[in-house]
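Take a look at the structure below.
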Amino acid sequence: MKKVGIIMGSDSDLPVIQKAVDTLKGLEIPFEVHIYSAHRTPVEARDFALSARDNGFGVLIAAAGMAAHLAGAIAANTTLPVIGIPCKGPVLDGMDALLSTVQMPTGIPVATVAINGGANAALLAAQILAVSDSELAGKLDAKRVIDAKAVLAKDAAVMEKL
Ligand code: RP5
């Protein structure tokens, strides 16, 4: 199976990335995690993106906060699908990162998930890989059923309680 590459702009983004990691582990999808910054280590970020396809990656996730250019900078240097996670920063509630990540110019797409949406980034990465992997598609279908059952159990519990 192709790997998922996860890049974060700073170790302060780790709580968001942890949700992605947990989700990928649950689906038994191989991944690598790196800290590369579009601003602080632009050469390493570029080199990672340029070599990602040859290094066995099928999809990349890039998480950054504030002036969040990481996902766009990664996408500029690969035609692998890139999923951007805008991370909530100390000011502006993550709107800064959301707009910096989502407002890409035509030609260089970034599939942007919700602010701090680590789990959905991993699920979207899994769904991309599952296009050509029926076993993984089956795991995603099964997860949907389990997740729906959990909601219905909460429905029953709230009816019982109230
Ligand atoms: C961004 O700046 C990082 O992705 C992080 O979300 C934010 C703050 O980074 P630190 O100052 O915590 O390293 O580049």
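We did not get these values from a lab; they are worked out from the coordinates using the rules stated. All of these numbers come straight from a predicted model, not from anything done at the bench. Reconstructed Cβ throughout: ideal geometry from the backbone, glycine too, with neighbour counts over all protein chains shown.
Quick notes on this structure:
- Ordered from longest to shortest, the equivalent ellipsoid semi-axes for the stretch 3-133 are 20, 17, 13 Å, each the square root of 5 times a Cα gyration tensor eigenvalue.
- Once the Cα gyration tensor of the stretch 112-162 is diagonalised, semi-axes √(5λ) in Å: 28, 16, 5
- Among 96-102, 139-145, sorting by the average number of other beta carbon atoms lying within 10 angstrom of each residue, highest first, gives 96-102, 139-145.
- The stretch 16-76: trypsin sites (Lys or Arg not before Pro) falling in loop per DSSP and having at most 12 other Cβ within 10 Å: Arg40
- Each Lys and Arg adds +1 at its Cβ and each Asp and Glu adds -1 at its Cβ; summed about the Cα centre, the chain shows a dipole of about 160 debye.
- Under-5 Å amide H pairs with Phe57, H placed in peptide plane, nonlocal only: Lys3
- The stretch 66-162: C-alpha gyration tensor shape, a/c 1.5 cut-off, then a/b vs b/c: oblate
- On Cα atoms only, tilt of 42-51 relative to the major axis of the chain in degrees: 70 degrees
- Amide hydrogen neighbours beyond the local backbone of His34, cut-off 5 Å, H modeled: Ile6, Ile7, Met8
- When the stretch 1-157 is described by a simple charge dipole with +1 on each Lys and Arg Cβ and -1 on each Asp and Glu Cβ, the residue from Ser134, Asn120, Met1 located farthest towards its positive end is Ser134.
- Relative to one another, the C-alpha centroids of the stretch 46-109 and the stretch 1-45 are positioned 11 Å apart.
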